[in-house]
């Protein structure tokens, strides 16, 4: 299975987070870092973003119980 790259607008759309929030979470080690594709281009692995989403859902459900 091929890995899919997500650019910043897609990551923001999928997570519901703004750019500044993403970078703040990355700085804290709470969100995956992008992969450098070229000198001026970076993208996130779709699988890593999906894993982060699943972790957030699981953490949210544990807090409620």
*Mind checking the angle between helix 46-64 and the chain's longest principal axis? C-alpha axes, 0 to 90 degrees, to the nearest 10.*
20 degrees
_Label-point separation in nm, residue 61 to residue 28, each point 7 Å along Cα→Cβ_ = 2.3 nm
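Distances longer than 20 Å among the Cα atoms of the stretch 5-64: what percent of all pairs is that?
The answer is 24 percent, as a whole percent.
Arrange the following residues from fewest to most other Cβ atoms within 10 Å of their Cβ: 12, 62. Intermediate results must be reported in sequence, preceding the final value.
Working: 12 15, 62 8.
In increasing order of surrounding Cβ atoms, one gets 62, 12.
Rule-based calculations on the coordinates, nothing more; no lab input. None of the values given here were measured: they were computed from a predicted structure. Quick reminder, even Gly has a Cβ in these numbers, built from the backbone with ideal geometry, and neighbours come from all protein chains shown.
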